[in-house]
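S.K.: Below are the structure tokens for one structure; questions will follow.
Computed from the coordinates by the stated procedures, all read-outs in this text should not be read as laboratory data. Small disclaimer: the values here were computed from a predicted structure and weren't measured. Neighbour counts are summed over all protein chains in view; Cβ atoms, including those assigned to glycine, are modelled from backbone coordinates with ideal geometry.
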Amino acid sequence: MVILSSAPSSTSTALAEAREQLRADLQTCRQATLALVADLTPTEYAQQAHPDFSPVGWHLGHIAFTESLWILEKLQGNACPHPHYRQLFAADGLPKAERQNLPDWPTIQAFLAEIRDRTLTYLDTAPLQDQLRLWRWLLQHECQHAETMALVLAQHRWPQEQSVMPAWPQPAVMQGKVEAVLIPAGTVTLGSEAIDALDNERPSHQVHLGAYGLDRTPVTVGAYRQFITAGGYQKSNYWTAQGWDWVQSQKITQPLYWRESLAWDAHPVCGVSWYEADAYARFVGKRLPTEAEWEKAAHFSSNGAVALAAGNYSNPSGHTTPVGSYGGDRTQGCDDLFGNVWEWTDSWFAGYDGFEAYPYRGYSQIYFDGAHRVLRGGSWATQGLALRSSFRNWYHPQVRQMFAGFRCAQSV
């Protein structure tokens with residue numbers, strides 16, 4: 001992480017390093033975005049796959065529009081080169097259902113390239129000492145929309161993907177009681193003040209937690225299969241009242257991305273709602289961890305660091321991998337905390353004490369409504385640029401289109 005010192009010479013060096021790192025990260029992120037849509041079909045590009053999500057083509061145009069808005073307009077002071085795109089691609093421009101009448105893909109490819117060329121030209125002279133946080137925010141904005149595009153593509157492709165067999169070597173499926181890692185009582189610093197930290201990660205603060213146990217790995221397909229075969233979806237005693245209403249009204253009988261083949265039993269279960277995760281935890285006599293417990297476990301297992309080879313993220317496989325495939329410190333820590341599947345927590349999404357909205361109020365603050373649960377850790381489709389122990393994702397408890405799983409906790 002580049003720290004901008006007050007000493008003139010060191011500040012100049014730090015700014016140069018920050019500029020080059022930013023340029024490299026922007027290029028890495030864009031390459032990943034374009035690779036994701038390399039084989040896009042016209043239907044996948046322009047049509048909604050689910051009422052809650054915009055078409056892939058809209059996300060691509062929104063990425064370019066947002067870059068133009070915040071970098072070229074707000075920082076550089078230039079007028080929008082394509083003002084006719086404002087209503088179509090602004091986040092508050094059109095309802096999701098009206099975002100399917102799009103320019104064709106070659107036109108949006110040209111839009112992306114044009115804005116990026118202008119952005120990189122401005123980066124050569126931009127006063128990063130005053131702007132770096134916004135540039136880093138923009139970088140993560142693209143990473144997040146790329147992951148949303150991945151889940152939209154999954155909605156289009158899932159009927160065909162169900163028959164795909166895993167290429168990853170299959171370890172023996174864990175049987176019986178899942179091993180838990182004991183996290184000792186103590187104080188942990190949550191959140192972050194780093195330049196990449198989003199507004200909802202700030203300010204960092206200390207929290208004291210009692211001792212607790214956290215499953216070493218996320219819940220696997222094989223373990224979740226026991227919940228299904230035991231009639232978990234037919235027994236109200238495992239569900240909250242809202243969850244039981246949801247199961248019955250939506251006729252839910254299994255996770256969204258469910259695979260019948262036993263070859264997937266060592267993979268984490270994927271495509272579950274918070275209601276399903278909470279019900280399974282009750283089924284095994286445990287509970288979901290709070291987000292503070294999850295983050296403390298991440299510090300405990302890895303000191304909060306993410307090694308480049310430490311997990312299934314940045315879309316290396318196009319799907320989950322068996323839990324524990326990337327190892328971990330088996331003397332004390334948890335596996336698969338970063339990547340593979342997002343992990344539901346028992347916490348509602350809310351601002352930390354001292355929260356300040358950035359770069360605009362609607363980015364996080366409007367979701368502090370007591371209706372969104374927090375997820376942690378990232379998935380196979382999350383870019384490494386957006387992975388860290390303090391990162392917070394949020395969704396309504398009934399949503400399960402994202403690549404989400406969970407692990408269980410227990411008080412001790």
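S.K.: Can you tell me, using C-alpha contacts under 8 Å and at least 6 residues apart, the relative contact order of the chain as a whole percent? Intermediate results must be reported in sequence, preceding the final value.
M.R.: Numbers: 690 pairs, mean separation 71.0, N = 412.
Rounded, it is 17 percent for the chain.
S.K.: Quote the convex hull volume per residue of the stretch 8-161, based on C-alpha atoms, as a whole number of Å³.
M.R.: On the way: hull volume 16.4 nm³, N = 154.
Spread over its residues, the Cα hull of the stretch 8-161 gives 107 Å³ apiece.
S.K.: May I pose another question? Angle check, please: helix 241-250 long axis (alpha carbons) against the longest principal axis of the chain (alpha carbons), in degrees 0 to 90, nearest 10.
M.R.: Result, in degrees: 80.
S.K.: Same structure, new question: Counting Lys and Arg as +1 and Asp and Glu as -1, each charge on the Cβ, what is the dipole of the stretch 8-161 about the Cα centre in debye, to the nearest 20?
M.R.: For the stretch 8-161, the charge dipole is close to 220 debye.
S.K.: Report relative contact order for the stretch 180-411 in percent, whole number only (criteria: Cα-Cα under 8 Å, sequence separation at least 6). List each step's numbers first, then the result.
M.R.: On the way: 497 pairs, mean separation 66.5, N = 232.
So the answer I get is 29 percent.
S.K.: Here is a further query. Mind listing the Cα extents of the chain along all three principal axes, in Å, largest one first?
M.R.: Principal extents (largest minus smallest coordinate, Cα): 62, 51, 41 Å.
S.K.: Among 366, 115, 195, rank each residue by its count of other Cβ atoms within 10 Å, from fewest to most, as a rough exposure measure. Intermediate values should be presented prior to the final figure.
M.R.: Details: 366 9, 115 22, 195 15.
By the 10 Å Cβ count, ascending: 366, 195, 115.
S.K.: Continuing with the same structure: Sort 118-128, 333-343, 218-228 by packing, meaning the average of other beta carbons within 10 Å per residue, with the highest value first.
M.R.: On the way: 118-128: 14.8, 333-343: 26.2, 218-228: 21.6.
Per-residue Cβ counts within 10 Å, averaged per peptide and sorted highest first, yield 333-343, 218-228, 118-128.
S.K.: Something else now. Which log10 I(q)/I(0) values does the stretch 63-152 give at q = 0.11 Å⁻¹ under the Debye formula, counting every alpha carbon as one identical point scatterer?
M.R.: Debye intensities relative to I(0), on a log10 scale: -0.33.
S.K.: For the stretch 8-161, what relative contact order do you get, as a whole percent, if you take Cα pairs closer than 8 Å and at least 6 residues apart?
M.R.: For the stretch 8-161, the relative contact order is 36 percent.
S.K.: While we're looking at this one, here's another question. Using a cut-off of 30 Å between alpha-carbon atoms, which lysines can reach residue 74, once sequence neighbours fewer than 8 places away in the same chain are excluded?
M.R.: 96
S.K.: Here is a further query. In straight Cα distance, which aspartates and glutamates are under 20 Å from residue 286, not counting same-chain residues fewer than 8 positions off?
M.R.: Answer for residue 286, where 20 Å is the Cα cut-off: 179, 215, 276, 278, 295, 335, 336, 343, 346, listed by chain and number.
S.K.: Could I ask something else about it? Using Cβ counts within 10 Å as a stand-in for footprinting exposure, how do 68, 317 rank, fewest first?
M.R.: On the way: 68 27, 317 14.
Listing 68, 317 from fewest to most nearby Cβ atoms yields 317, 68.
S.K.: Can I ask one more? Rg over Rh of the stretch 77-206, using C-alpha atoms and the Kirkwood radius, what does it come to?
M.R.: Working: Rg = 22.0 Å, Rh = 20.3 Å.
Computed over Cα atoms, the ratio is 1.09.
S.K.: Right, something else. Can you list residues whose amide H is under 5 Å from residue 220's amide H, if they're 5+ apart or on another chain and H is modeled 1.01 Å from N?
M.R.: Amide H neighbours of residue 220, under 5 Å, 5+ apart: 269.
S.K.: Still on this structure, please answer the following. With everything on Cα atoms, drop me the angle between helix 291-302 and the longest principal axis of the chain, reported from 0 to 90° to the nearest 10.
M.R.: Orientation of helix 291-302: about 80 degrees from the principal axis.
S.K.: Let me ask another. Please state the shape class of the stretch 151-296: rounded when a/c is under 1.5, otherwise prolate if a/b exceeds b/c and oblate if not, all from the C-alpha gyration tensor. The partial results should precede the final answer.
M.R.: Working: a/c = 1.59, a/b = 1.48, b/c = 1.08.
Judged from the Cα gyration tensor, the stretch 151-296 comes out prolate (a/c at least 1.5, a/b above b/c).
S.K.: In addition: Quick one: work out Rg over Rh on the C-alpha atoms of the stretch 180-411, Rh as Kirkwood radius.
M.R.: Details: Rg = 16.9 Å, Rh = 17.9 Å.
Rg divided by Rh gives 0.95.
S.K.: A follow-up question, please. Can you give the log10 of the normalised intensity I(q)/I(0) at q = 0.14, 0.16 Å⁻¹, computed with Debye over equal Cα scatterers of the stretch 43-110?
M.R.: -0.41, -0.52
S.K.: Right, another one. To test your reading of the geometry: what angle, between 0 and 90 degrees and rounded to tens, separates the Cα axis of helix 8-36 from the longest principal axis of the chain?
M.R.: Once rounded, the angle reads 60 degrees.
S.K.: Trypsin sites (Lys or Arg not before Pro), restricted to the stretch 320-412: which are DSSP loop and have at most 13 other Cβ atoms within 10 Å?
M.R.: Values: sites: 330, 361, 373, 376, 388, 392, 400, 407; in loops: 330, 361, 388, 392, 400, 407.
Those that pass, being in a loop and sparsely packed, are 330, 361.
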